[in-house]
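Below is one structure, written out as structure tokens; comments come after it.
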Amino acid sequence: MSDLNNKVVTITLNPALDLTGSVNELNLGTVNLAHTGSLHAAGKGVNVARVLSDLGAQVTVTGFLGRDNDALFCSLFEKMNAQDQFVRVDGATRINVKLVEENGQVSDINFPGVNVTAQAIAEFEGNLWTLAETHQFFVLAGSLPTGISPELCASWIQKLHEMGKKVIFDSSRTALTAGLTAQPWLIKPNDEELSEIVGTKLTSPQACQQAAEDLAATGIDNVVVSLGAKGVMWLAKNQQQPQWRFAQPPKMTVVSTVGAGDTLVAGLCWGHLQAWQPEQILSFATALSALAVSQVGVGVESIKTVTELQKKVTLNNLF
Ligand SMILES: Nc1ncnc2c1ncn2[C@@H]1O[C@H](COP(=O)(O)OP(=O)(O)OP(=O)(O)O)[C@@H](O)[C@H]1O
Ligand SMILES: O=P(O)(O)OC[C@@]1(O)O[C@H](CO)[C@@H](O)[C@@H]1O
């Protein structure tokens, strides 16, 4: 395998420390007692990087980190053997709260991020264009901190696209809408985000299918729509005409769904890096993400468990 095919840059413009607590049942407006708690370095791109590194990729991580509390990130990157190219900015990286109930339901409280200055942006751009000299795959995931406009973020995707890079883009709200105009190579909205993009609630697989086809027609090579426990729909550009594939995971016991989407993105990226056939990429990524819901946080403990689960994924070409 060529070195280029094992290397990925993940961009997390707005990382987070995830404070996860488990409660029996969440009650609003009163005191809730958490019986376990953990604080770990996260954010969408960092989660993707963690999974990719467990799978064997050489990962470079970049974005913006508050210099006041980067210790957990530094030790994670060291453990992952990742190249840390995060630009440090004044202040502290946000802490996002995730409350997991006994029935598997998760309530997220996501905070705004650090304040990014023009000087930090210039440093980040310098790093990014240097990384583009030696990398083909870029994963840009998550929301935007103060100081980064959706248009600026879209301009980075556009420039990487013009350089012939493969940009996997997973964001939400205005950042997602702006980024879609910049021709990312692969996007992974969930059904809610897809509804937000088209401005109407998509209630059937057929409606999701039409919305994804409209997006693909704007020049996005791969539109992957995640549907939680129902699985994954993938519309891929093909020489003749775009092709649909659909995967259903086996039934899982849910511990926490936080990071399932990031794990799916990592699986899709890894499969493409390995130049696998589309069916193998989709069944692997689906199994990987299904396994992610049976744990708190992301990461691949046993590749054997993933391949066992992969055999239980159902694949279809058409609805
Ligand atoms: N309950 C579940 N059982 C099995 N697999 C699941 C379940 N929930 C999620 N998955 C797997 O994870 C993938 C991603 O989940 P989902 O569609 O919830 O993404 P998401 O909304 O981006 O997730 P998040 O933002 O929580 O990381 C699904 O397509 C599916 O393969
Ligand atoms: O605010 P964003 O960037 O959209 O999402 C941040 C976040 O919820 O995404 C990850 C799970 O996907 C968590 O680790 C993190 O807290």
Give the residues of segment 215-266 that are acidic (Asp, Glu) and either within 16 Å of ligand 2 (Cβ to nearest atom) or at pLDDT below 95 (or both), sorted by residue number. Asp262
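Take segment 133-149 and flag every residue that is within 16 Å of ligand 2 (Cβ to nearest atom) and not aliphatic (A, V, I, L, M).
Across segment 133-149, the qualifying residues are Gly142, Ser143, Pro145, Thr146, Gly147, Ser149.
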The lone exception for Glu102 - which of (1) touching a residue at least 60 places away in the same chain (Cβ under 8 Å); (2) within 16 Å of ligand 2 (Cβ to nearest atom); (3) over 21 Å from Leu273 (Cβ atoms) it fails: (2)
Within the bounds of segment 42-50, is there any residue that is out of contact with any strand residue (DSSP E or B) (no Cβ under 7 Å at 6 or more places or on another chain) and either in contact (Cβ under 8 Å) with a residue 24 or more places away in the chain or at positive phi (or both)? yes
Taking segment 108-132 on its own, how many of its residues are of a type outside the set (A, V, I, L, M, F, W, C) and within 16 Å of ligand 2 (Cβ to nearest atom)? 5
Going residue by residue through segment 44-54, is there one that turns out to be away from ligand 1 (no atom under 16 Å from the Cβ) and not hydroxyl-bearing (Ser, Thr, Tyr)? yes
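The values are calculated or read from the model by the stated rules, or taken from the named source; none is laboratory data. Every value quoted in this text rests on a predicted model; they were computed, and no experiment measured them. In this analysis, Cβ positions are derived from the backbone assuming ideal geometry, glycine residues included, and neighbour counts consider all displayed protein chains.
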